[in-house]
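K.L.:
Here's a structure for you.
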Amino acid sequence: LNVSLVRGDEGEPLFFIATIEDIGSRKRAETAVTESEARLRLLLDQLFAFVGVLSADGILLHANKAPLDAAGIRLEDVAGKPFDEAYWWSYDPAVQERLRDAMARARGGEVVRYDVPVRMAGGRLMHIDFQIAPMRAQDGRVIGLIPSAIDIEERKAAERHRELLLAELNHRVKNTLTIVQSIAVRSFRDLPDAEARLHGFEQRLLALSGAHNLLTQSNWEPTRLDQVAEQVISGSGASRERFR
């Protein structure tokens, strides 16, 4: 409804003009947009993973409920502020700098992904698989950034446990080789040419140790046969002309 007053030549009020415009379709469209946004926020809040929306210059516009609860903060504590200054990142300048670099690359159209520890409630650090991607308009312009992440603490714990087991295995194998070498010293000492015999045996032990080191360095993953042969030959003291 729009009402305007019409005045005469002397400024006296003469009559009103009222116009009525049907805005039902516009209101329905606005309501649909509002409801759609509410459904999207509700959906995001049901996700355990972190999902957020940033402006193109890195200002946090929205974050879902899970990471806020995990950090013990509220949306109003971080919304409208630079993402790299939020509680999750602000414990370490190096972590913040890497995030700023990732946001700059995302603004340039790149999808950036890496593992990083972030701060949670009580100062506890949690490792996440973090990704930040550009949000584009229909014409291709980058109009925002979408950060997302998942908790990978279990994976990191498994990796640490595996590294501990590998270190223990490596230590035990080295101890075993040392014991074998000690037994050889005692066993060869009464034989003719004991020193030469012992030297040749120890060279073979060193070659075996070198091959073991290759497996250890690759975390007991497959190792190239030519690398194993090269290590064994170079550690055995044998003439290289004997091999091809």
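K.L.:
Could I have the simple spin-label model distance between ASP101 and ARG186, label points 7 Å from Cα toward Cβ, reported in nm to one decimal?
P.N.:
5.6 nm
K.L.:
Keeping every protein chain in place, order TRP220, TRP89 by accessible area at 1.4 Å, biggest value first, i.e. largest first. Present the calculation step by step, with values, prior to reporting the outcome.
P.N.:
Values: TRP220 95, TRP89 5 Å².
Ranking TRP220, TRP89 by accessible area, largest first, yields TRP220, TRP89.
K.L.:
Sticking with this structure for a sec: Which one of SER90, ALA137, LEU214 has its Cα pushed farthest toward the positive end of the charge dipole of the chain, where Lys and Arg give +1 and Asp and Glu give -1 at the Cβ?
P.N.:
In the chain, that residue is LEU214.
K.L.:
Given the whole protein assembly as supplied and a 1.4 Å probe, what does the accessible area of HIS171 come to in Å², nearest 10?
P.N.:
For HIS171, solvent-accessible area is about 100 Å².
K.L.:
State the label only: which of (1) 41, 23, 15; (2) 71, 22, 12; (3) 74, 19, 14 corresponds to semi-axes √(5λ) of the Cα gyration tensor in Å computed from the shown model?
P.N.:
Structure-derived value, by its label: (3).
K.L.:
Write out the trypsin sites (Lys or Arg not before Pro) in the range 147-216 meeting two conditions: DSSP loop, and at most 15 other Cβ atoms within 10 Å of their Cβ.
P.N.:
Numbers: sites: ARG155, LYS156, ARG160, ARG162, ARG172, LYS174, ARG186, ARG189, ARG197, ARG204; in loops: ARG189.
Counting only loop positions with at most 15 other Cβ atoms within 10 Å, the trypsin sites (Lys or Arg not before Pro) in the range 147-216 are ARG189.
K.L.:
If I model a spin label as a point 7 Å beyond the Cα along the Cα-Cβ vector, how far apart are those points for ILE20 and THR176 in nm?
P.N.:
Going from the ILE20 label point to the THR176 one covers 9.4 nm.
K.L.:
On a 1.4 Å probe surface of the protein chains, which of VAL111, VAL53 comes out largest in accessible area, and what is the full order? Walk me through the intermediate numbers first.
P.N.:
Values: VAL111 85, VAL53 40 Å².
Greatest to least solvent exposure: VAL111, VAL53.
K.L.:
Then there is this: Just how much of VAL180 is accessible, in Å², when a 1.4 Å probe is used and the result is rounded to the nearest 10?
P.N.:
Only protein atoms counted, so the area is about 50 Å².
K.L.:
Within 10 Å of each candidate Cβ there may be at most 14 other Cβ atoms; applying that plus a DSSP loop requirement, which GluC sites (Glu not before Pro) in the range 47-123 survive?
P.N.:
Answer by residue number: GLU110.
K.L.:
Could you give me the ³J(HN,Hα) list for the range 196-206, computed from phi with Karplus coefficients 6.51, -1.76, 1.60 and θ = phi - 60°, whole Hz, x at Gly and Pro?
P.N.:
5, 4, 5, 4, x, 5, 5, 4, 5, 4, 5
K.L.:
What is the Cα coordinate range of the range 141-190 on the first, second and third principal axes, sorted by size from largest, in whole angstrom?
P.N.:
Principal axes ranked by extent give 83, 24, 5 Å for the Cα atoms.
K.L.:
How would TYR91, TYR114 rank on accessible area, largest to smallest, probe 1.4 Å? Write out the running numbers ahead of the final one.
P.N.:
Values: TYR91 65, TYR114 20 Å².
Heavy-atom accessible area, descending, gives TYR91, TYR114.
K.L.:
Which value, in Å² and to the nearest 10, is the accessible area of GLU202 when all protein chains are kept and the probe is 1.4 Å?
P.N.:
Roughly 50 Å² of GLU202 is accessible to a 1.4 Å probe.
The values are calculated or read from the model by the stated rules, or taken from the named source; none is laboratory data. This one's a predicted model, so the numbers in the text were calculated from it and none came from an experiment. Heads up, the Cβs are rebuilt from the backbone with ideal geometry, glycines too, and the neighbour counts pull from every protein chain shown. What goes into the accessible areas is simple: the full protein's heavy atoms, side chains included, and nothing from ligands, DNA or RNA. Shrake-Rupley method; radii C 1.70, N 1.55, O 1.52, S 1.80 Å.
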